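One structure below.
Throughout, read-outs are computed from the coordinates displayed, never taken from laboratory work. Since the model is a prediction, treat every value here as computed from it, not as a measurement. Here the Cβ positions follow ideal geometry from the backbone for every residue, glycine too, while neighbour counts run over all protein chains shown.
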Amino acid sequence: MEEVIGLIAANYSSSGLGELTEERTIASLPFGGRYRLIDFPLSNMVNAGLNTVGVVTPYKYRSIIDHIGAGKAWSLDRKNGGLFVLPGSVFGISNSSSRFLLRDISRNRVYLLRSPAPYVLVSGANIVCNMDCRKLIEAHLKSGADITLTYKTAAEDNPFLTGLRVEGGRVVGMTRGVRRGEPAFLDCFMISRSLLLKIVEWYSAINYLDLFEVLEEDYDKMDVGLCEFTGYAAAVFDTQSYFRHNMELLDPAVYDEVFSGERPVMTKVQDYAPAKYLDGARVANSLVSAGCVISGSVENSVLFRGVTVEKGAVVRNSIVMQNCVLQSGAQVDNAILDRNNVIPSGTVLKGTPEEALIKEKRADQP
């Protein structure tokens, strides 16, 4: 895989995530108890054998830099190749439909120019899936296409995903939003390094646009092929999808597919003791991460590292992020508690399955 380098576009956000991305990029949004969204595309690339990966960061880069560091957790802290943290422009943060801004690629041309690898595997950062990227790479090399896109047949209508117009097995256009049964672009594609550099040069005058926006009029001149992904894929664009897809991990079949032992999802290592369950604790159908101390009741919930649920406290159908404390008698139902919150005794926080209540991260905590 030395013929392929990776490029992860993380310089975008989504207004639908509200307080959850007020202080962090969507790529660094916590997910599944101990992970961040960027862990999935980064692990997919490393599991496919890539040893050089660049991450285009947004101006809200603190949380993502703190998480990925020098890439040690992904064995990318190396002399040859490794993890490259690349600066993004301020133009990629407002429109969630623009995930591959030409300006970001142009600004980081040196990353592409210095590599001898002839191909680039490009991915967004908010699709949760455990993908064998070797299949995409092999499909691209075998077909000889200019660009090869990964897609999945949509199981439901989704206004955020990019739909593909396909004729004769080739992409002839894209649409904003996708309907059930239509092919949905999973924001992951293969392209030759030389072609990517040429596109940046050709469209330099309009480099504030997305890569696929500028190609809209040129699909008849390019061979854009497809590679189908049939596994579990979850797109996180708003609080509803974030809440629902975290809850889906409570299904053992989904959990086993996402966190496959064959292709592990790697993340930043944090030294926490195993979760502790004290007398009177009751836990059912939940993900409880290391460092948690449970004396109360937890049901159908995802608890991140270091959460404390005191005696008499109840957590149902909720996501509780790192280092939160639920004091005795507190009740949380259908809610998302961001990091470092302390829920006082007797407090009741209650949302609905359709609209989870969000308790933002405490501003007085690091």
Next item on the list: Output the pairs from 135/198; 152/350; 142/221; 60/152; 198/221; 72/361 with a Cα-Cα distance over 24 Å in this structure; if there are none, say none.
Entry: 135/198; 152/350; 60/152; 72/361
Next item on the list: Could you bin all the Cα-Cα distances of the range 276-359 into 10 Å bins starting at 0 and give me the percent of pairs in each, rounded to whole numbers?
Entry: 22, 62, 16, 0
Checklist line | Förster-model FRET efficiency, 22 Å R0, residue 278 and residue 299, C-beta, rounded to 0.05 | finding: 0.85
Checklist line | Ascending count of other beta-carbon atoms within 10 Å, so fewest first, for 333, 223 | finding: 223, 333
Notebook entry, point to check: Under the classification rounded if a/c is under 1.5, otherwise prolate if a/b is larger than b/c and oblate if not, where does the range 188-272 fall, given a ≥ b ≥ c as square roots of the Cα gyration tensor eigenvalues?
Noted result: prolate
Next item on the list: Treat the range 1-116 as a sphere of radius equal to its Kirkwood radius over Cα pairs and apply Stokes-Einstein at 20 °C in a medium of 1.002 mPa s; give the translational diffusion coefficient in µm²/s, rounded to a whole number.
Entry: 148 µm²/s
Check: In straight Cα distance, which aspartates and glutamates are under 20 Å from residue 276, not counting same-chain residues fewer than 8 positions off?
Finding: 299, 310
Check: Once you put a point 7 Å from the Cα of residue 192 and another 7 Å from the Cα of residue 23, both along the Cβ direction, what distance in nm separates them?
Finding: 4.8 nm
Notebook entry, point to check: Once you wrap a convex hull around the alpha carbon atoms of the chain, what is its projected area averaged over all directions, in nm²?
Noted result: 17.6 nm²
Checklist line | Which of 104, 256 has the fewest Cβ neighbours within 10 Å, and the rest in rising order | finding: 256, 104
Margin query: How would 319, 206, 358 line up from fewest to most surrounding beta-carbon atoms within 10 angstrom?
Written below: 206, 358, 319
Next item on the list: Search the structure for amide H atoms under 5 Å from the amide H of residue 165, placed 1.01 Å from N in the peptide plane, and list their residues when 5 or more places away or on another chain.
Entry: 172, 173, 174, 175
Check: Extension gain residue 248-residue 352, at 0.36 nm per residue separation less the Cα-Cα distance, in nm?
Finding: 35.8 nm
Next item on the list: Between residue 362 and residue 165, take the C-beta separation as r, use R0 = 51 Å, and let me know the FRET efficiency to the nearest 0.05.
Entry: 0.65
Notebook entry, point to check: Using a simple spin-label model with points 7 Å from Cα along the Cα→Cβ vector, what separation in nm is obtained for residue 143 and residue 218?
Noted result: 1.8 nm
